[in-house]
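Asker: First, the structure itself, so that you have it in front of you.
Coordinate-derived values only; no laboratory data. As the structure is a computational prediction, the values presented were derived from the model and not from experiment. Here Cβ is always computed from backbone atoms with ideal geometry, including for glycine, and neighbour counts include all displayed protein chains.
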Amino acid sequence: MEQTLTLACKLQPTLEQASKIEALLQAFADACNYANEQVKSKTTSKATIQAQVYGELREKFGLSANQAVRACARVGMNRKAAKAKGETVKQFRPTSADYDARIFAFREKDWSVSLTLLGCREHIKLNVGNYQRGKLKGRKPTSAQLCKHKDGQYYIHIQLTEKAPDPIKSDKVIGVDFGRREIARTSTGKSWDGKQLNQIRDKFSNTRASVQAKASRKRDATRTKGTRSSRRRCRELLKRLSGKERRFQSWLNHSISAAIIREAKSLNAIVAIENLTGIRERTNQQPRNKTERRRSNNWAFYQLRQFLTYKGIREGVEVVAVNPAYSSQTCHRCLHIGLRSEKTFRCGHCGWHGHADDNGAKVIELIGLSVTQPGGSRILSCSLQDMVLRAAESPAL
């Protein structure tokens with residue numbers, strides 16, 4: 001099994017090279033827009049798009065042969081992604097361009113990249129850290145993407161394909177329960193509190209609201225007048241604040257996912273997580289105040305799931321997503337429905353009581369065993385006689 005890792009490496013172009021990069025990005029976006037307009041919207045095949053507009057892309061926009069091919073491939077790829085969501089591709093912006101082995105090369109001897117721009121080939125220095133150097137050392141990547149980030153800096157996103165180890169075959173499972181108060185709790189007893197994250201989110205939300213109000217304040221006799229310079233400084237502050245909350249959330253999810261995968265690898269276990277797809281749509285239908293709605297919509301559980309998945313592939317740890325229905329209401333000991341109140345769970349059948357998230361993680365562990373083992377979980381399996389006895393014990397509806 002192979003896994004593709006993307007390394008974001010900062011470029012250090014000269015002023016002349018920066019202007020050439022800008023021209024290439026604009027030409028690539030114009031070529032994509034032209035192909036998107038000229039070819040029927042239902043066409044998603046790269047070969048079909050290329051057959052219709054390849055010559056015109058080279059002539060009109062000055063692209064090299066491989067750049068024209070990459071533009072056609074970009075249009076086809078974006079159309080397929082939009083079609084899966086029931087949408088259409090409207091416009092391409094000059095923020096990125098795709099590269100393959102013929103128009104891109106990485107040079108380890110001077111830590112630079114060789115890129116084909118419009119009518120020329122440029123060697124551009126890289127500004128990379130120890131992590132990127134360790135990953136790129138001794139490698140010859142064959143694909144990359146030239147990008148212009150929101151901060152105006154240029155980056156080259158280099159794709160490295162690595163052979164991933166075979167996933168561990170084990171009869172052990174670590175269940176992971178996701179939440180907002182506790183970001184994650186494992187069936188082995190480890191947990192990560194979300195109090196700090198919620199406090200930081202609330203702080204950023206209040207700061208943004210205050211600064212946005214000052215930045216948009218107009219001269220009005222009924223309100224305090226804000227000078228033009230103060231409004232400009234507010235907008236600059238908003239720009240600096242942009243992305244800080246997102247970067248903190250990413251760092252936290254990276255730390256949590258790495259710790260879970262390390263533990264699973266040391267125990268030779270599989271990781272079972274909740275499949276929470278569609279949870280925002282369901283929870284937003286419930287009556288809640290503005291603060292709770294914002295916190296729920298900012299819950300980055302899917303990012304944590306993605307980090308767990310790709311780290312698991314890299315380390316040979318299998319990660320499975322299970323149906324979370326009734327996992328927080330079922331007792332892990334007797335599998336009867338119990339009573340959950342805030343963070344406490346109590347089972348009226350067997351008498352077990354304890355932390356609700358700990359119980360939920362252990363239930364997810366049992367469900368993970370049932371879907372990863374050929375015979376399923378022995379605890380979850382029951383005979384016909386057991387089912388009849390449970391039905392007789394349950395009150396009639």
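Asker: So what is the 222 nm mean residue ellipticity for the chain from helices alone, if each DSSP H run of at least 4 adds -39500 (n - 2.57) and you divide by all residues, rounding to the nearest 500 deg cm²/dmol?
Answerer: Per the formula, -15000 deg cm²/dmol.
Asker: Compute the acute angle (0 to 90°) between the alpha-carbon long axis of helix 46-61 and the principal axis of greatest extent of the alpha-carbon atoms of the chain; round to the nearest 10°.
Answerer: With both axes taken from Cα atoms, the answer is about 40 degrees.
Asker: Another question, if that's okay. Using the basic label-point model (7 angstrom from Cα toward the beta carbon), what is the K80 to D151 distance in nanometres?
Answerer: Output for this residue pair reads 3.3 nm.
Asker: What pairs from K137/K311; K42/K311; K137/K265; K244/K265 go past 29 Å between their alpha carbons?
Answerer: Over 29 Å Cα-Cα: K42/K311; K244/K265.
Asker: Limiting things to C-alpha atoms, what are the Rg and the maximum Cα-Cα separation (Dmax) for the chain, in angstroms?
Answerer: Radius of gyration, then largest Cα-Cα span, for the chain: 26.8, 82 Å.
Asker: On the principal axes of its Cα set, how long, how wide and how thick is segment 101-183? Give whole Å, largest value first.
Answerer: Between the extreme Cα coordinates on each principal axis of segment 101-183 lie 57, 33, 23 Å.
Asker: Taking the beta-carbon count within 10 Å as an exposure proxy, list E16, E122 from fewest neighbours to most.
Answerer: E16, E122
Asker: Can you pull the one-decimal nm distance between simple spin-label points at R262 and A101, each 7 Å off the Cα toward Cβ?
Answerer: 3.7
Asker: So how much slack lies between S45 and V371, counting 0.36 nm per residue of separation and subtracting their Cα-Cα distance, in nm?
Answerer: Stretched fully, the S45-V371 segment lengthens by 113.7 nm.
Asker: Using unit Cβ charges (K, R positive; D, E negative) and no other charged atoms, how large, in debye to the nearest 20, is the dipole of the chain about its Cα centre?
Answerer: Here the chain has a charge dipole of around 2140 debye.
Asker: Still on this structure: Once the principal axes of the Cα atoms of segment 2-163 are found, what is the range along each, listed largest first in whole angstroms?
Answerer: Largest to smallest, the principal-axis extents are 46, 37, 29 Å.
Asker: Here is a follow-up. Which one, G55, S41, A73, projects farthest toward the positive side of the charge dipole computed for segment 40-123 from Cβ point charges (K/R +1, D/E -1)?
Answerer: S41
Asker: So, in nm, how far is label Q196 from label K10 when the simple model puts each one 7 Å beyond its Cα toward the Cβ?
Answerer: That separation, rounded to one decimal, is 2.5 nm.
Asker: Now a separate question. Under 18 Å from the Cα of K190, which aspartates and glutamates turn up, not counting those fewer than eight places away in the same chain?
Answerer: Result set, ordered by chain and number: D177, E182, E263, E274, D357, D358, E365.
Asker: Shifting gears a bit: Which residue fluctuates most in the GNM of the chain (Cα springs below 10 Å): N359, N323, N206?
Answerer: Looking only at N359, N323, N206, the largest GNM fluctuation is found for N206.
Asker: Another one. Between W111 and R246, take the C-beta separation as r, use R0 = 25 Å, and let me know the FRET efficiency to the nearest 0.05.
Answerer: Once rounded, the FRET efficiency stands at 0.30.
Asker: So, one more: Test of understanding: what is the full-extension gain from S255 to T142, defined as 0.36 nm times their sequence separation minus their Cα-Cα distance?
Answerer: Result for the pair: 37.7 nm of gain on full extension.
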